[in-house]
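J.: First, the structure itself, so that you have it in front of you.
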Amino acid sequence: MVKKTVTAASAVLMCAAAFSACGSDDGSSGKDGEIVMGFAQVGAESGWRTANTDSIKASAEAAGIELKFSDAQQKQENQIQAIRSYIQQKVDVIAFSPVVETGWDAVLQEAKAANIPVILTDRAVDSEDTSLYETFLGSDFVLEGEKAGEWLVENAADSDVDGDGDINVVQLEGTTGAAPAIDRAEGFASAIEADSSISVSASQTGDFTRDGGKQVMESFLNADKSIDVVFAHNDDMGLGAIEAIEAAGLEPGKDIKIITVDAVKDGMTALSEGKINFIVECNPLLGDQLMELAKKVVAGEEVPERVVTEETTFTQEQATEVLADRKY
Ligand code: GYE
């Protein structure tokens with residue numbers, strides 16, 4: 001595997017160039033020689049995101065890393081602005097979860113020119129220049145989509161709710177252009193190819209929010225009376241869809257099957273109640289691994305180019321078993 005390093009020599013040069021910003025021999029610039037991390041978060045759009053933010057803040061504190069945190073409210077321009085301000089403040093390392101995949105090269109080149117290493121966390125960028133970041137820590141979203149589709153293929157007989165021989169799926173997509181939206185749709189589409197009776201008849205973004213999921217589901221229900229299955233790219237949109245389905249006088253989980261991704265507490269509760277039928281886990285607790293990678297990167301040690309999070313899936317019975325201990 002290709003490894004990337006920030007050499008000790010370049011760390012020394014960074015300190016020589018901006019001596020006042022360097023508080024200790026290891027190149028860190030915070031109070032008492034703490035590493036300073038600038039973190040540009042996507043927003044607060046979902047239960048997953050809240051758990052992810054809490055994890056990052058708690059892990060930074062535990063690791064003795066000074067965290068500068070910003071919330072971009074799901075807007076790329078806000079994230080770019082935050083990254084620019086971290087460059088100006090000469091932080092030791094920048095970490096961010098890119099709201100969409102494209103459009104990052106210019107700002108990442110600015111970070112590179114300032115010798116500030118960048119770590120991608122949760123979501124990937126689509127850039128040909130992989131020298132613009134040190135590593136990418138996060139889930140395999142294509143695999144998550146595949147797991148959702150495989151469950152549907154295995155449960156096809158039960159999922160033809162109206163018994164017409166065709167399994168009519170509607171998809172609630174995540175934020176347009178975001179890695180998890182693109183990849184989950186791709187993984188799901190490839191897995192359902194195994195059964196020609198399954199097809200996606202409508203697909204629209206609900207922006208990963210509960211309200212977005214509800215509104216899109218309302219319009220799907222108005223347009224089509226033969227929906228068998230909802231595949232929502234996250235729990236929150238699935239929970240919004242449940243509200244729309246109930247408001248239409250139908251029973252979620254029975255009249256319309258629901259598959260989601262994330263496995264946050266509210267989603268797991270709905271699964272254990274039978275309102276959701278299957279959840280693919282996406283782990284938001286990335287804080288500890290991120291802080292470890294940050295320390296290594298700042299110290300000029302080698303890190304793997306890609307760190308993939310381990311995840312599982314949950315049926316109704318499995319959700320009921322683990323619900324009481326679910327932390328988020
Ligand atoms: O699935 C969704 C959140 O990027 C993996 O973003 C993350 C996704 C997560 O809004 O709930």
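J.: Give me the angle, in degrees from 0 to 90, between the Cα long axis of helix 141-154 and the longest principal axis of the Cα atoms of the chain, rounded to the nearest 10.
T.: 20
J.: Moving to a separate point now. If the cut-off is a Cα-Cα distance under 20 Å, which aspartates and glutamates reach Lys295, setting aside same-chain residues fewer than 8 apart in sequence?
T.: Reachable aspartates and glutamates: Asp25, Asp26, Asp32, Glu34, Asp54, Glu61, Glu66, Asp92, Asp122, Glu134, Glu305.
J.: Based solely on its DSSP helices, what 222 nm [θ] is calculated for the chain when runs of n ≥ 4 H residues each add -39,500 (n - 2.57) and the sum is averaged over all residues, nearest 500 deg cm²/dmol? Write down the numbers at each step before the final one.
T.: Values: 12 runs with 135 residues, N = 328.
Rounded to the nearest 500, it is -12500 deg cm²/dmol.
J.: Relative to the first principal axis of the alpha-carbon coordinates of the chain, what is the inclination of helix 235-247, with its axis defined by its Cα atoms, in degrees from 0 to 90 and to the nearest 10?
T.: Long axis of 235-247 versus the principal axis of the chain: about 30 degrees.
J.: Related question: Could you work out how far helix 179-192 tilts from the main Cα principal axis of the chain, as a 0 to 90 degree angle to the nearest 10?
T.: For 179-192 against the chain, the angle is about 40 degrees.
J.: Indicate the gyration tensor shape class of the chain (rounded, prolate or oblate), computed on the Cα atoms with a ≥ b ≥ c the square roots of the eigenvalues: a/c under 1.5 is rounded; otherwise a/b larger than b/c is prolate and the rest oblate.
T.: Numbers: a/c = 2.49, a/b = 2.32, b/c = 1.07.
Judged from the Cα gyration tensor, the chain comes out prolate (a/c at least 1.5, a/b above b/c).
J.: Suppose a student asked you for the relative contact order of the chain, using Cα pairs under 8 Å spaced at least 6 residues apart; what percent would you report?
T.: Details: 723 pairs, mean separation 65.2, N = 328.
That works out to 20 percent.
J.: Here's a follow-up. Mind putting a number on the dipole of the chain about its Cα centre? Charges go on the C-beta only, +1 for Lys and Arg and -1 for Asp and Glu, and I need it in Debye to the nearest 20. Spell out each step's value before the answer.
T.: Working: 25 positive and 59 negative charges, 281 e Å.
About 1340 debye.
J.: Of the options Ala156, Ala181, Thr135, report the single residue whose Cα projects farthest towards the positive end of the charge dipole of segment 117-188 (beta-carbon charges: Lys, Arg +1; Asp, Glu -1).
T.: Selected residue: Thr135.
J.: What share of the DSSP beta bridges in the chain is antiparallel, in percent to the nearest 5?
T.: Numbers: 4 of 42 bridges.
Bridges in the chain are about 10 percent antiparallel.
J.: Treat each spin label as a single point 7 Å out from the Cα along the C-beta direction, and report the Glu243 to Ala113 distance in nm.
T.: Modelled inter-label distance: 4.5 nm.
J.: If you don't mind, there's one more thing I want to ask. Checking the a/c ratio against 1.5 first, then a/b against b/c, what shape does the Cα gyration tensor give for segment 141-282?
T.: Taking the square roots of the gyration eigenvalues as a ≥ b ≥ c, segment 141-282 is rounded.
J.: Amide H neighbours of Thr313 under 5 Å, counting only residues 5+ apart in sequence or on other chains, H built in-plane at 1.01 Å?
T.: Those qualifying (amide H under 5 Å, at least 5 residues apart or on another chain) are Glu281.
J.: Taking H placed 1.01 Å from N in the peptide plane, check which residues at least 5 places from Lys257 or on another chain put their amide H under 5 Å from its amide H.
T.: Val229, Val230
J.: Okay, moving on. Quick one: order Trp151, Trp48 from most to least accessible surface, probe 1.4 Å.
T.: Numbers: Trp151 35, Trp48 10 Å².
Largest to smallest exposure gives the sequence Trp151, Trp48.
J.: Further, regarding this structure: Using only protein heavy atoms and a 1.4 Å probe, report how much of Tyr133 is accessible, in Å² to the nearest 10.
T.: Approximately 30 Å² for this residue.
J.: Please find the FRET efficiency linking Ala58 to Lys31, where r is the Cβ-Cβ separation and R0 is fixed at 30 Å, and quote it to the nearest 0.05. Don't jump to the answer; show the numbers that get you there.
T.: On the way: r = 19 Å, r/R0 = 0.64.
Computed FRET efficiency for Ala58 and Lys31 comes out at 0.95.
J.: Using the alpha-carbon centroid of each, what span in Å lies between segment 64-134 and segment 139-171?
T.: 36
J.: Measure up Lys57/Lys112; Lys265/Lys327; Lys225/Lys265; Lys31/Lys90 against 19 Å on the Cα-Cα distance and list the ones that go over. Intermediate results must be reported in sequence, preceding the final value.
T.: On the way: Lys57/Lys112 25 Å; Lys265/Lys327 8 Å; Lys225/Lys265 30 Å; Lys31/Lys90 13 Å.
Pairs exceeding 19 Å: Lys57/Lys112; Lys225/Lys265.
J.: Return the long-range amide H neighbours of Asp126 (sequence gap of 5 or more, or a different chain), with a cut-off of under 5 Å between placed amide H atoms.
T.: Sorted by chain and number, the residues that satisfy this are Thr102.
J.: Got a sec to turn the phi values of segment 201-207 into Karplus ³J(HN,Hα) couplings, 6.51 cos²θ - 1.76 cosθ + 1.60 with θ = phi - 60°, whole Hz, x for Gly and Pro?
T.: Values per residue, Gly and Pro as x: 8, 8, 8, 8, 7, x, 6 Hz.
J.: Return the sequence-ordered ³J(HN,Hα) values of segment 304-310 in whole Hz as given by the Karplus equation 6.51 cos²θ - 1.76 cosθ + 1.60 applied to θ = phi - 60°, using x for Gly and Pro.
T.: Each residue's phi maps through the Karplus curve to give x, 5, 9, 10, 9, 7, 8 Hz.
The values are calculated or read from the model by the stated rules, or taken from the named source; none is laboratory data. Everything quoted here is computed from the prediction, not taken from an experiment. Heads up, the Cβs are rebuilt from the backbone with ideal geometry, glycines too, and the neighbour counts pull from every protein chain shown. With ligands, DNA and RNA removed, areas are computed over all heavy atoms of the protein, side chains included. Shrake-Rupley method; radii C 1.70, N 1.55, O 1.52, S 1.80 Å.
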